[in-house]
Amino acid sequence: SIQDMIGMFNTPLSERSGRQLNNKEIVQALQALSANVSSLQKHWTGEDILFTDFAKEWFAKKKVEIMENTFSKYEYLYKHAESFLAGLTLTQVTRDKLQALITGMVEKGYSVETIKQVKCNILNPIMNLAEADGHIDKNPCRYVTTPKRTYGKKRSATDAEIRNLIDVSKKHRLWILVPLMAYTGLRRGEVEALTWDDIDLVAGTIKVDKSYTQGSDGKTRLGKTKSRASDRILPIPSELLSMLKTYRMTVAKGRTYVLSQARNDKMIYPGVL
């Protein structure tokens, strides 16, 4: 064992008994000692770094890797963990601490989806990076359990239901929103960013290449769509095309945005929509 080898190194030659270490065994002993020292060093560095400080570094790296909309979502998810883990160093963020955080979210009634995203999209990658950088020995998130999802049955809206929605919304100023989303599958942020220049009423197409969203900080952002695959040209069904032409000549006459504020030619605040 390493302890026996250390004892042999510290024992004078005159007092040693039994087999002597050969060169290969000495090298192995030194390598083992070096590995142990490195392991201890990981623990020491993790003791000096606050979880919240390290999380800021992780977010700085993540910001250049993911879309702005996704980054804003991660910021929102992080708030659930930030207050709970504030003041703790990386080595103090143990499995039981993280499990307590998850259990607390369950007791507060957060959805299973939100809880899993906090663990898988925020806590786990942050602690993975801490392990990779040598600040902790193991990522404690690996041993944290989350509640199981319960999957209910889902179905698409029927033609009759969609028509009912369209009929009910006809008296609203922004009535085009319902058929526009129903017939194209556009995301809310994509609809909000849509301008009349994006819609070719002659060719019958819609160009989708931007999104208007609200971040966790309350600020709105006009940026790219969710992913590269989200940039697309959509065909407009004949029924929707007729509705768009009517809306363009009435409610949206002289406006830049398909959905604009009542008094100004500006995008509608996401929370208002």
Quiz prompt | the stretch 63-79-the stretch 151-224 distance, computed between alpha-carbon centres (Å) | solution = 23 Å
Practice problem: Convert each backbone phi in the stretch 57-73 into a coupling constant with the Karplus relation 6.51 cos²θ - 1.76 cosθ + 1.60 (shift: θ = phi - 60°), then list the ³J(HN,Hα) values in order as whole Hz, x for Gly and Pro. | Solution: 5, 4, 5, 4, 6, 5, 4, 8, 9, 10, 5, 4, 4, 5, 4, 5, 5
Quiz item: Cα atoms only, the stretch 62-163: Rg and Dmax in Å?
Solution: 17.0, 59
Quiz item: Carbon and sulfur: what percent of the stretch 53-197's accessible surface (1.4 Å probe)?
Solution: 52 percent
Quiz prompt | Residue-level accessible surface for T256, protein heavy atoms, 1.4 Å, Å² | solution = 70 Å²
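With N set to the residue count of the chain, report its C-alpha Rg divided by 2.2 N^0.38 Å to two decimal places.
On the way: Rg = 29.4 Å, N = 273, 2.2 N^0.38 = 18.5 Å.
Rg over 2.2 N^0.38 Å, computed on Cα atoms: 1.59.
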Quiz item: Comparing V27, V168, V258, which has the greatest mean-square fluctuation in the GNM of the chain with Cα pairs linked when under 10 Å apart?
Solution: V27
Quiz item: How high is the FRET efficiency between K97 and D200 when r is their beta carbon distance and R₀ equals 51 Å, given to the nearest 0.05?
Solution: 0.40
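So with the 1.4 Å probe, I'd like the accessible area per residue for the stretch 104-256, rounded to whole Å².
It amounts to 60 Å² per residue over the stretch 104-256.
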Exercise. Taking the Cα centre of the stretch 106-244 as origin, sum charge times position over the Cβ atoms of Lys and Arg (+1) and Asp and Glu (-1), and report the length of that vector in debye to the nearest 20.
Key: 460 debye
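Over every pair of different alpha-carbon atoms in the stretch 129-273, take the mean of 1/r and invert it; report that Kirkwood radius in Å.
Working: mean 1/r = 0.0554 Å⁻¹.
Answer for the stretch 129-273: a Kirkwood hydrodynamic radius of 18.1 Å.
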Quiz item: Relative to the first principal axis of the alpha-carbon coordinates of the chain, what is the inclination of helix 23-47, with its axis defined by its Cα atoms, in degrees from 0 to 90 and to the nearest 10?
Solution: 50 degrees
Quiz prompt | In Å², nearest 10: area of R95 left accessible to a 1.4 Å probe | solution = 100 Å²
Practice problem: Classify the stretch 42-114 as rounded, prolate or oblate, taking a ≥ b ≥ c as the square roots of the eigenvalues of its Cα gyration tensor: rounded when a/c is under 1.5, otherwise prolate if a/b is larger than b/c and oblate if not. | Solution: oblate
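Leaving ligands, DNA and RNA out of it, rank L222, L180 by accessible area with a 1.4 Å probe, largest first.
Largest accessible area first, the residues go L222, L180.
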Quiz item: So what's the angle, to the nearest 10 degrees on a 0 to 90 scale, between helix 95-107 and the longest Cα principal axis of the chain?
Solution: 30 degrees
Practice problem: Mind checking which of V27, A262, F59 is farthest towards the positive end of the chain's charge dipole, using Cβ charges of +1 (Lys, Arg) and -1 (Asp, Glu) about the Cα centre? | Solution: A262
Exercise. Tell me, rounded to the nearest percent, the portion of alpha carbon pairs in the stretch 176-238 spaced more than 17 Å apart.
Key: 39 percent
Exercise. Order the following by accessible area, largest value first: W58, W175. Probe radius 1.4 Å; ligands, DNA and RNA are ignored.
Key: W175, W58
Practice problem: Taking all protein chains together and a probe of 1.4 Å, list M181, M105, M249 from the most accessible to the least accessible. | Solution: M249, M181, M105
Practice problem: Please state the charge dipole magnitude for the chain, taken about the Cα centre, from unit charges on C-beta atoms (+1 on K and R, -1 on D and E), reported in debye and rounded to the nearest 20. | Solution: 1200 debye
Quiz item: Given H placed 1.01 Å from N in the peptide plane, which residues other than close sequence neighbours of S211 have an amide H under 5 Å from its amide H?
Solution: G223, K224, T225
Practice problem: From the P(r) of the stretch 111-197, can you give the percent of Cα pairs sitting at distances over 19 Å? | Solution: 65 percent
Practice problem: Please give, to one decimal in nm, the separation of the simple spin-label points placed at K253 and L222, each 7 Å out from Cα toward the Cβ. | Solution: 2.5 nm
Quiz item: What do you get when you divide the Cα radius of gyration of the stretch 223-273 by 2.2 N^0.38 Å, with N the number of residues?
Solution: 1.38
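The values are calculated or read from the model by the stated rules, or taken from the named source; none is laboratory data. Everything numeric here is computed off the predicted structure, so don't read it as measured data. Counting neighbours? That spans all protein chains shown, and the Cβs are built from the backbone with ideal geometry, glycine included. Heads up: the accessible areas ignore ligands, DNA and RNA and are worked out on the full protein's heavy atoms, side chains in. Shrake-Rupley method; radii C 1.70, N 1.55, O 1.52, S 1.80 Å.
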